[in-house]
Structure formats: C-alpha cells, structure tokens
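One structure below.
The values are calculated or read from the model by the stated rules, or taken from the named source; none is laboratory data. On a predicted model such as this, the values are computed, not experimentally measured, just so you know. Cβ placement follows ideal geometry from the backbone for every residue including glycine, while neighbour counts extend to all protein chains displayed.
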Amino acid sequence: MRPAPPAFASAHRARLRDGRWSEGERVLPEETPIAFVVDGAAEAVMLASPANLEDFALGFALSEGIIQSVEELRELEIVAPSPSPAGVAGIEIRLWLRESARDAHVARRRTRAGPAGCGLCGVESLEAALPPCMPITSEFRIPAQAIVDAMATLSSHQALNAQTHAVHAAAFFSPAEGIACAREDVGRHNALDKLIGALARQGRDCSDGVVLMTSRVSIELVQKAAGAKASVLAAISAPTALAVRTAEAAGICVCGIVRENGLEVFTRPDRIVRNG
C-alpha cells in the first residue's frame, strides 16, 4: 500500500503571449483512475483528482444508491498500488457493506448490463437512466443576491484551481455559515460526489442551503443534488433542457449563469427572494 499521488504535477511548456514566446513550467491537475470495489466485486472505474478520496467514496456510494446512509457502510479502505510501467498510479477504493445493504446492492447489480464508468454508462434501460427523483419538500428560500455573492467568493475556496486553472468545484453555501464546504475535481460529477460525501460525514445534507457548481448543470447533477436533498442548485453556466425538466419535477430551484451582475432562475422561482 502506497500513499495516494498528489493532485497536481508540473510540466514544461512553451508559451505564446502577445507575440512573444517563452519557456517555463505550468502546474497541471492530475487525472487518476479510481476503481470502486464493493464487497470484493468491481463496481466502477472513474477518472478523478486523487484528493479527498474518503469523501469521494462516501458521496459516490450515496449518489449511486449503493448505500442509503453512512451507517450502511461497514468499512472503507483506500489502496494506492505501485505505478504501472506506463507510470499510471491507479487507486482502489474498497467498500464493505453491512448485510442488509449488501443484499439490496446485489439485487440491484443483477438489473444492470455492466458496471458504471461515469454519468449513465452501464445502465441497461432508459427507465433506469432516468429514474424519478424524490421530491424536495423543504421550505427553504434565499435572496438572489446571496447566491450571486456566494458564487463570487467560491474561488477563494478553490486551492487546486488556483494552482492549475483546470478543475471544477462543488460547494455548499449556508446563509448562516457562508461556504461551509467545498471540494474540487477534474470532473464536475466527482466534485459534487466529494461534496456530498464530506457533508454526509458531518451528518448533514444540502436541504438548508445552496449547492454551487463551477460548471453547466446536467441531469446527473440534478439527480445527485436531489439525493442530497438540495433545495437550490446554482451554477456559473446554463442547465440542459432535460436537467430543467427533471429539477422542476423534483422541486429543485435551478439557477444558472450566476455571474457578478446577476443570475437566471429556471425552475421553482418561489425559492428565490427577489428583494433583500
């Protein structure tokens, strides 16, 4: 067992700026194969930033329905084997479930064509790809300006992006706390899984605040946000049309194009206070 590789590395590059060439180094984010193994069986392989892996493991397990709560996870082990001849250092995340969760997971695996890799890969049917989300019943409301202000401060919580300028972030903003937690990854789905896992380890969900994303909003992000009971999902880019329809059905307020001068509200505008 070896320690996980760093989340970034330095690479030499030639740079052209304003008609002038220069030589130097740039810090780049690492992208590492992460294999999820559940009770000894391969579950999925993701490409992700090798940081906050315990949060990633728990958030992925919750988002994918492998477990329904932290208590259903019996043991977690992160194993970083030696690099391959090609220099790729893969990581195994080994999860062991408690008996009731294990039986439910085995039954679920029998309905799938194959292990998931990312997004909706490996899902056998259209019905399985687009399951209905549990409706959000929270009465949470928030001023629009509070979301704009929160997104403006998110960069100060992005240490890896400050070095690489090449990773996404997912954060949880609470009106009472500000940005209470933020996680980064080369993949936006992974960043959200890490955030969900980090909050779950604290015994909380996203019902009393806003999930902030430095990406567009896809249906997978809406599904993950719904599983975390998020009332509001806000992003710097736009949502897809399917994400909007799914969020509307789930009762999630989706805000997009969140910039310094404002935002756009696509669903559940009643969750947004227009003044104050």
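Taking into account only those residues within segment 255-276 that are among the β-branched types (V, I, T) and in contact (Cβ under 8 Å) with a residue 40 or more places away in the chain, which is surrounded by the fewest Cβ atoms within 10 Å (Cβ to Cβ)?
As a first pass, look at segment 255-276 and keep what is among the β-branched types (V, I, T): 257-258, 265, 267, 272-273.
From what's left, in contact (Cβ under 8 Å) with a residue 40 or more places away in the chain: 258, 265, 272-273.
Values: V258: 23, V265: 19, I272: 19, V273: 12.
Among residues in segment 255-276 that are among the β-branched types (V, I, T) and in contact (Cβ under 8 Å) with a residue 40 or more places away in the chain, the one surrounded by the fewest Cβ atoms within 10 Å (Cβ to Cβ) is V273.
For beta carbons closer than 8 Å, sequence separation of 6+ or different chains, a first residue in segment 237-254 that is under 9 Å from S218 (Cα atoms) and a second that is of a type outside the set (D, E) and part of a helix (DSSP H, G or I), the qualifying pairs are P239/V222; P239/A247; T240/I219; L242/I219; A243/I219; A243/L221; A243/V222. Quick one: in segment 209-235, which of the residues that are free of Cβ contacts under 8 Å to residues at least 60 places away in the same chain and assigned to a helix (DSSP H, G or I) is farthest from I142 (Cα to Cα)? Step by step, filter segment 209-235, then rank; the result is L221.
Those helices (runs of 4 or more DSSP H) of segment 138-208 in which at least 1 residues are at pLDDT 95 or above and under 17 Å from S231 (Cβ atoms), considering only elements entirely within it, cover 144-153, 188-201.
If the requirement is being of a type in the set (S, T, Y), at pLDDT 95 or above and over 19 Å from A169 (Cα atoms), which of these qualifies: T267, T214?
Values: T214 fails: over 19 Å from A169 (Cα atoms).
Unique residue meeting the criteria: T267.
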